[in-house]
1. What's the total number of residues in the stretch 531-572 that are within 16 Å of ligand 1 (Cβ to nearest atom) and out of contact with any Pro (no Cβ under 8 Å at 6 or more places or on another chain)?
2. Which count do you get for residues in the stretch 628-673 that are within 22 Å of residue 589 (Cβ to Cβ) and acidic (Asp, Glu)?
3. For the stretch 589-601, state whether one or more residues are among the polar types (S, T, N, Q) and either within 16 Å of ligand 3 (Cβ to nearest atom) or under 16 Å from the mean Cα position of the chain (by Cα) (or both).
4. For the subset of the stretch 573-603 comprising residues that are buried (at least 22 other Cβ atoms within 10 Å of the Cβ) and small (Gly, Ala, Ser), which member is nearest to ligand 1 (Cβ to nearest atom)?
5. Give the stretch 204-221 a look and list any residue that's assigned to a strand (DSSP E or B) and among the basic types (Lys, Arg), or say none.
6. What tally of residues in the stretch 462-498 results from selecting those that are surrounded by 22 or more Cβ atoms within 10 Å (Cβ to Cβ) and either within 25 Å of the chain's Cα centre (by Cα) or assigned to a loop (DSSP other than H, G, I, E, B) (or both)?
7. Going residue by residue through the stretch 106-122, is there one that turns out to be more than 16 Å from ligand 1 (Cβ to nearest atom) and surrounded by fewer than 24 Cβ atoms within 10 Å (Cβ to Cβ)?
Amino acid sequence: MQSLTHYRTCNLCEAMCGLEIRVEKGSITKIEGDKNDPFSRGHICPKAVALKDIYEDPNRLKFPVKRTAEGWQQISWEEAFEEVTNQIKNIQTKYGNNAVGMYQGNPSIHNLGTSMNSPAFAKSLHTRNLFSATSADQLPHHFAAWQMFGHPMLMPVPDIDNTDYMLIIGGNPIASNGSIMSVPDVANRLKAIQKRGGKVVVIDPRFTETAAKADEHYFVRPGTDAFLLFAMIQTIFAEKLMDLGKLTEFTDGIETLREIAAPFTPESVEKQTGISAIRIRQIVHDFTQAKAAVCYGRVGVSVQTFGSIAQWLINAINVLTGNLDRVGGAMFTTPAVDFLARARSENKFNRWQSRVRKLPEFLGELPVATLAEEILTDGESQIKAMVVSCGNPVLSTPNGSQLDRAFEQLEFMAAIDIYINETTRHAHIILPPATGLEVSHYDITFHVLAVRNTAKYSEALFPKAEGAKYDWEIYQELAHRLNNQSDKPFNPEPPEVKLNMGLHFGPYQLSLQQLKDNPHGIDLGTLKPRLPQRLLTPEKRINIAPGILVKDIERLHESLKNTDTQNGFDYLLIGRRHLRDNNSWMHNSERLVKGRNRCTLMINSEDAQKLNLGTQSIVRVSSRVGCIELPVEITDHMMKGVVSMPHGYGHARKGVQLDVAAKYAGVSINDLTDEYILDELTGNAAFNNVAVKVEKVG
Ligand SMILES: Nc1nc2c(c(=O)[nH]1)N[C@H]1C(S)=C(S)[C@@H](COP(=O)(O)OP(=O)(O)OC[C@H]3O[C@@H](n4cnc5c(=O)[nH]c(N)nc54)[C@H](O)[C@@H]3O)O[C@H]1N2
Ligand SMILES: Nc1nc2c(c(=O)[nH]1)N[C@H]1C(S)=C(S)[C@@H](COP(=O)(O)OP(=O)(O)OC[C@H]3O[C@@H](n4cnc5c(=O)[nH]c(N)nc54)[C@H](O)[C@@H]3O)O[C@H]1N2
Ligand code: SF4
Ligand SMILES: [Mo]
């Protein structure tokens, strides 16, 4: 390879930025934004350049390794496949199928080969003990979408390019680059709202990077958004601001919603939320007066005790004001590969429960907050072996240190991962796939959640290392062996085969060849109204007051009674994302982690004064489950009584082989978060409802 320019989609986050990569004499000399990408228009963030670091990272695994008394040893793929499948089969023979569990992490959906092939592999395990990062993240979005629109993937996306009023609750897209809203170049897109006379309003317990660009920002007490949203709905009804437009014809449950919202006057929620009644009414007035408005809530309102109610009410506000499926409102995409076209509404909730705590199944999975106790609690169907794929649950799930201990006692663990990190160090065998610039890419999921319809396929830039394997080869081979098909020939199928079919049968009847001929991507236009046809409820009607969610309001009312002082645990701990982090796994890139320590506890200056903290202070933060120490960052950007720290740090654990991350180890927020604090309806982790004690050290 002499010199060439390669175009591809960055797969690190949901924004799908187009990259222009310059390669000279086989090595990357430049990574820039692709100005001709119709979706990202030249935008990238600093993480894109780290694709080079991942490609070149000496710590990255390329061949299977086995943990032995003498340390990690490279083994052949044959030995790795043989041992993994034998161990799984033996453990299932001895203890039953459910003795094997699986956890799938976030990059699963950012990799074409993995997203297309890991589901069949998971199925080949024949276990009910399937877990994923979904229940530490967006599960409430899926739940609300399923209940209201008929399918968990029918999640509306803000039509940011056409809206006149964007209400952002519990999301910080300037740092995260958007989520359940693929939105490259979000800063300019928000600015454009303001330029056309519109408003951006942020509701967040921290004055975030997004708040700094907004027209208005309101501090809200963590975990109380459901009250705020109900008060907004109450105001819409009380002041007769409801205007469903065409949605009237196919929306049910309006009267029920009116009744249940009635007690939540703005005055009644002032104290819990910290937002005054005047402000709440003003937000509603501005929202309803805008030509098109959209209410958007993301992970901050998802990972809290009333996450599902909050996501439901956010959708309800968009429906009540006629902004669902309206240009400039919350819209549904028309993706080039449209797996929803043939989808049906099915009940995939609570068909079974977890063994120990009886938490409900959703979409075939159990809440990850219960994983550790399923390993630690003796009894029939106890988990004895795990497969962890694309995930680092020791750092990313509530009470991660308990899970750390639980993994230690497993009889067997296999990891499909590219690093030896906090989780995979417990594995007996790690099977690393080719990744990043070595693989082809099409965003099968995030085109479904994007603010504009586009399609783009990226070829691999570099060949995988000689003798290495693609993710789809690994999942298919494991499934083949586990399904006892070893006597049949094994012909792995690259993801392009199904992708091409998906494109062909999609709404634009594209082909893989067309995408290959357009390496910058193909623009398919702005989001178009799709209702009622797109609905997947049996009668193609919206349910604005689903019974199961309505019933959960009892819990909301109940929570008001529970106001005992928490003997010293009087701060609420919330999370935070930084532009140069990506959950737990990109701290091994020097260029991303160098500079000021980001693993700090942000605290309001009045609170800091009360605790006698100075700018150099170290604090001890403790919760029911654990205790960590870290430096403070005193700032008026925090709401009083609330402290914030990022997740994904805590790399100092023994046996982690991440040379750069070790220098910037930090501590893990999930050594404080509590596996018992959940959105009890669904079992989703409620990271943002954890009470902590903060003390000065020394
Ligand atoms: N307190 C708190 N906790 C949180 C959050 C929070 O806001 N606060 N956020 C939650 C959210 S939203 C999420 S999504 C989860 C994320 O939780 P996880 O998905 O469990 O964690 P990640 O840090 O994304 O870990 C990704 C893993 O995939 C590996 N990997 C990277 N690329 C590849 C690849 O191509 N193939 C394979 N096989 N492996 C790869 C990495 O080495 C790493 O081990 O964390 C959750 N945890
Ligand atoms: N740079 C970077 N980008 C990422 C990631 C990353 O780790 N780093 N992770 C990716 C992943 S997996 C995801 S899911 C997305 C998430 O995307 P976002 O949802 O935009 O992520 P956050 O920046 O965590 O924003 C959540 C906001 O909610 C606020 N918040 C916390 N508790 C509450 C509450 O109770 N109520 C309200 N109203 N707000 C609250 C927090 O202060 C924070 O500002 O980001 C993705 N993009
Ligand atoms: S915003 Fe996301 S997709 Fe865009 S360059 Fe950064 S990490 Fe990649
Ligand atoms: Mo996430």
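The values are calculated or read from the model by the stated rules, or taken from the named source; none is laboratory data. None of the values given here were measured: they were computed from a predicted structure. Note: ideal-geometry Cβ built from the backbone for every residue, glycine included; neighbour counts use all protein chains shown.
1. Number of matching residues: 1.
2. Counting residues in the stretch 628-673 that are within 22 Å of residue 589 (Cβ to Cβ) and acidic (Asp, Glu) gives 1.
3. Yes, the stretch 589-601 has at least one match.
4. Here the residue is 584.
5. Residue satisfying the conditions is 206 alone.
6. 6
7. So far as the stretch 106-122 goes, no, none of its residues is more than 16 Å from ligand 1 (Cβ to nearest atom) and surrounded by fewer than 24 Cβ atoms within 10 Å (Cβ to Cβ).
Yes/no per residue for (1) farther than 16 Å from residue 445 by Cβ; (2) touching a Gly at 6+ places or on another chain (Cβ under 9 Å); (3) in a loop (DSSP other than H, G, I, E, B):
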{"residue": "115", "(1), (2), (3)": "no, no, no"}
{"residue": "153", "(1), (2), (3)": "no, no, yes"}
{"residue": "168", "(1), (2), (3)": "yes, yes, no"}
{"residue": "188", "(1), (2), (3)": "yes, no, no"}
{"residue": "202", "(1), (2), (3)": "yes, yes, no"}
